[in-house]
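I have placed the structure first, in the form of structure tokens, so that the comments after it can refer back to it.
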Amino acid sequence: MSKKSFRQAVNEALRDEMRRDSRVILMGEDIAGGMGAAGEQDAWGGPLGVTKGLMPEFGRERVLDTPISESAFIGAAVGAAATGLRPVADLMFIDFMGVCFDQILNQAAKLRYMFGGKATVPVVIRTMFGAGFRAASQHSQGLYPLFAHVPGLKVVVPSSPYEAKGLMTQAIRDDDPVIFCEHKAMYDDQEDVPDEPYAIPFGEANVTREGDDVTIVAIGRMVKFANEVADKLGKQGISCTVIDPRTISPLDRNTIIDSVEETGRLVVVDEASPRCGMAADIAALVAQDAFKALKAPVRMVTPPHTPVPFSAALEDIYIPGVPRIEAAVRAVAGQA
Amino acid sequence: MELNREQLLAAYHQMRTIREFEERVHREFSSGSIPGFVHLYAGEEACAVGVCMNLSAKDYIASTHRGHGHCIAKGCDVKAMMKEIFGRKGGLCGGKGGSMHIADMSKGMMGANGIVGGGPPLICGAALTAKTLKTGGVAVAFVGDGGFNQGTTLESMNLAAVWKLPAIFVLEDNGYAESTASSWSISGEPVKRAAGFGIPGEQVNGHDFFAVYEAARKAISRTREGGGPSFLHFKVSRYFGHFEGDATTYRGAGEVDKVRAERDCLTLFRKRVEGAGLLKADQLDTIDKEVAALIDAAVAEAKAAPEPSAEDLLTDVYASY
Ligand SMILES: Cc1ncc(C[n+]2csc(CCOP(=O)(O)OP(=O)(O)O)c2C)c(N)n1
Ligand SMILES: [Mg+2]
């Protein structure tokens with residue numbers, strides 16, 4: 001056990017699984033870097049250094065840099081998965097799904113079903129998402145609900161370094177296509193992470209705070225904010241349960257419903273756009289299955305229905321932060 | 001075709017403006033005044049200027065993530081550009097786009113683009129509009145060596161050829177896509193790749209303004225006259241990192257210094273025009289001073305400009321809703 005960053009945690013999971021299973025390979029743009037260049041090899045390790053050090057250990061045969069051709073290499077990862085490898089492909093920014101979505105949506109997600117169960121597609125697609133980097137409309141989106149919408153894909157949104165390591169290990173060992181969504185503003189977050197490998201099962205939510213008055217379901221980076229609100233309001237007489245679903249597909253329905261049965265109040269916090277997103281999805285689930293328990297209308301805390309702006313002043317308003325979560329919790333608790 | 005004195009002065013003015021703009025953005029970024037992902041065009045000025053001097057207001061260009069140079073060459077307002085990069089009110093896009101989405105449709109600049117390969121399909125569309133409405137315009141897609149491997153680029157070249165569009169594809173091969181060498185990532189010869197789509201093309205020294213200008217002039221007039229799409233492959237170098245903050249350890253020792261010393265487009269331009277007696281050194285020095293003052297003023301105004309207001313977050317999503 002030692003303090004590790006989110007970046008190190010993901011790197012360790014990849015390294016340990018590559019050591020354990022020689023069929024695990026990595027591919028992506030500049031995941032090592034320096035391909036064909038005169039200077040340093042492994043110059044980048046991905047744009048934010050997450051895969052640094054893996055090429056020197058495992059070689060270019062298992063850590064493959066690619067041309068900028070996402071349809072081709074994401075599709076190649078899917079095809080390789082269906083035929084005996086266990087690729088982890090890096091779709092650098094989630095926004096770039098636009099160029100290769102067919103290979104994910106119509107190929108990876110559906111091969112097994114269409115072939116009557118006769119295909120297994122153990123591919124992991126790692127991708128960065130999220131606002132807060134001043135990276136503007138095409139590098140800041142929280143598009144993970146689009147993946148959750150598609151049957152056949154599993155979708156992971158880790159909320160801390162510990163979670164990231166265990167969930168990445170599970171993602172690689174899992175026999176289904178997994179979209180692994182890393183918040184780009186969390187790579188330097190640190191916490192105690194075991195040195196040895198461990199897997200966190202999919203579809204089992206993590207309850208990070210326990211309380212009686214309000215249930216907060218939060219996703220990814222929002223979990224940290226929800227915890228902050230719970231800690232603050234706990235001292236002011238509103239006790240909150242915070243649920244981190246960890247995987248949004250499969251979604252741990254029971255943990256959410258059981259909690260709302262007890263608290264009768266729900267706030268859902270999601271960094272994705274509000275329409276057809278996870279907040280709406282979870283709100284609908286609760287409206288259907290725990291309606292009688294509800295003592296107040298469900299509140300969704302999300303960005304507005306706009307693209308992510310560049311300007312720092314606008315982006316800070318865009319992102320759901322502690323003040324808005326706190327206001328929503330107070331509102332459902334009747335203390336607005 | 002010979003360029004006259006005014007045109008030569010204008011070409012130098014634009015190239016110098018781009019260089020000064022980029023060097024200043026580099027410094028401002030290092031000191032923390034500019035947020036986000038910023039990709040600088042310094043070193044490649046001759047490409048944007050040599051191409052855009054052959055275009056007029058009715059012509060469109062689509063840029064890449066490395067878009068400041070194309071913007072300036074297409075006539076965008078430099079002060080509004082600087083405000084945009086600082087994310088301020090009065091910026092070219094109201095502070096909503098930033099460096100990676102800097103654009104001005106009124107100048108025929110369809111935007112820098114955060115998506116590699118995002119521009120070429122848009123340029124097919126602009127060319128289709130020009131053809132359908134018979135505007136006499138052409139449309140130019142600037143693509144990097146990395147973007148030259150994106151499916152959208154290759155599909156666009158085929159579509160433009162099949163539809164005989166007035167589109168020009170300009171490959172700015174600066175040797176790298178992020179840290180990956182173009183000598184590795186591009187299989188085959190770009191000019192032959194274009195020829196495979198039936199598009200005539202030419203490889204040109206992108207450091208040499210005169211070579212770029214002449215090749216672009218021929219390609220653009222051929223396309224404008226109904227000859228269908230054209231292709232240009234510029235071999236060039238970028239001076240700064242892929243983005244601001246890139247340590248560029250993948251480049252060979254002394255690589256950039258050598259290019260700066262031997263192949264800098266501004267130095268080559270000065271040598272040529274001064275040597276041939278076309279322009280005098282003091283005329284060019286005057287431009288250097290004017291440009292430096294313009295960029296100083298642009299930065300000062302950008303820093304003084306207010307942030308966008310909260311209401312701006314919700315506008316411009318739709319034309320109506
Ligand atoms: C679809 C897509 N894939 C990857 C990226 C990340 N990315 C941004 S710029 C870049 C390299 C582009 O290289 P090149 O086309 O040669 O242009 P240059 O940076 O050299 O001007 C990459 C991989 C992106 N923005 N969009
Ligand atoms: Mg390049």
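Bear in mind that the values in this text are calculations on the coordinates, not laboratory data. In this text, all values refer to a predicted model and were calculated from it rather than measured experimentally. All Cβ positions, even for glycine, are placed from backbone atoms using ideal geometry, and neighbour counts span all protein chains on display.
Just a few scattered comments:
- Positions within region B:201-249 being more than 23 Å from B:Gly114 (Cα to Cα), assigned to a loop (DSSP other than H, G, I, E, B), out of contact with any strand residue (DSSP E or B) (no Cβ under 6 Å at 6 or more places or on another chain) and not polar (S, T, N, Q), in sequence order: B:His207, B:Asp208, B:Gly228
- Test: residue in region B:77-95 that is at negative phi, in contact with a Cys (Cβ under 6 Å, 6 or more places away or on another chain) and small (Gly, Ala, Ser): no
For (1) within 23 Å of B:Glu178 (Cα to Cα); (2) surrounded by fewer than 20 Cβ atoms within 10 Å (Cβ to Cβ); (3) away from ligand 2 (no atom under 16 Å from the Cβ); (4) acidic (Asp, Glu), each residue gets a yes or a no:
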site: B:Glu2; (1), (2), (3), (4): no, yes, yes, yes
site: B:Tyr41; (1), (2), (3), (4): yes, no, no, no
site: B:Thr64; (1), (2), (3), (4): yes, no, no, no
site: B:Gly95; (1), (2), (3), (4): no, no, yes, no
site: B:Gly108; (1), (2), (3), (4): no, no, yes, no
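- Scanning region A:96-126 for residues that are within 14 Å of another protein chain (Cβ to nearest Cβ) and among the β-branched types (Val, Ile, Thr) yields a total of 1.
- The combined condition, being within 14 Å of chain A (Cβ to nearest Cβ) and surrounded by 13 or more Cβ atoms within 10 Å (Cβ to Cβ), is fulfilled by B:Lys303.
- For A:Thr127, the requirement of being part of a loop (DSSP other than H, G, I, E, B), among the hydroxyl-bearing types (Ser, Thr, Tyr) and touching a helix residue (DSSP H, G or I) at 6+ places or on another chain (Cβ under 9 Å) is not met.
- Residue count for region A:54-95 satisfying the condition of being within 14 Å of chain B (Cβ to nearest Cβ) and among the small types (Gly, Ala, Ser): 5.
- None of B:Ser31, B:Ser63, B:Ser106 is under 30 Å from B:Leu284 (Cβ atoms) and over 11 Å from the mean Cα position of the chain (by Cα) except B:Ser31.
- Single match in A:Ile282, A:Ile257, A:Ile317, A:Ile325 (criterion: assigned to a helix (DSSP H, G or I) and within 14 Å of chain B (Cβ to nearest Cβ)): A:Ile317
- Looking only at residues in region B:149-175 that are among the hydrophobic types (A, V, I, L, M, F, W, C) and within 15 Å of the chain's Cα centre (by Cα), the one that is nearest to ligand 1 (Cβ to nearest atom) is B:Leu171.
- Residue match in region B:114-133 (condition: of a type in the set (Gly, Ala, Ser), over 15 Å from B:Trp163 (Cβ atoms) and more than 16 Å from ligand 2 (Cβ to nearest atom)): no
- Single residue of B:Met100, B:Met157, B:Met82 found to be in a helix (DSSP H, G or I), of a type in the set (A, V, I, L, M), within 16 Å of ligand 2 (Cβ to nearest atom) and buried (at least 24 other Cβ atoms within 10 Å of the Cβ): B:Met100
- Within region B:142-175, the residues that satisfy the criterion of being farther than 13 Å from B:Phe234 by Cα, within 14 Å of another protein chain (Cβ to nearest Cβ) and not β-branched (Val, Ile, Thr) are B:Gly146, B:Gly147, B:Asn149, B:Gln150, B:Gly151, B:Leu154, B:Glu155, B:Ser156.
- Checked against (1) closer than 29 Å to A:Ala37 by Cα; (2) in contact with a helix residue (DSSP H, G or I) (Cβ under 9 Å, 6 or more places away or on another chain); (3) not hydrophobic (A, V, I, L, M, F, W, C), B:Lys258 passes all but a single condition, namely (2).
- Number of the condition not met by B:Leu133 [criteria: (1) within 14 Å of chain A (Cβ to nearest Cβ); (2) more than 17 Å from the chain's Cα centre (by Cα); (3) among the aliphatic types (A, V, I, L, M)]: (1)
- Breaking point among (1) within 14 Å of chain A (Cβ to nearest Cβ); (2) under 14 Å from the mean Cα position of the chain (by Cα), for B:Gly97: (2)
- Qualifying residue in region A:112-123 (condition: without any contact (Cβ under 8 Å) to a residue 12 or more places away in the chain and either among the aliphatic types (A, V, I, L, M) or part of a helix (DSSP H, G or I) (or both)): yes
- Evaluation of B:Ala281 against (1) within 14 Å of chain A (Cβ to nearest Cβ); (2) within 20 Å of B:Leu9 (Cβ to Cβ) (one fails), failing number: (1)
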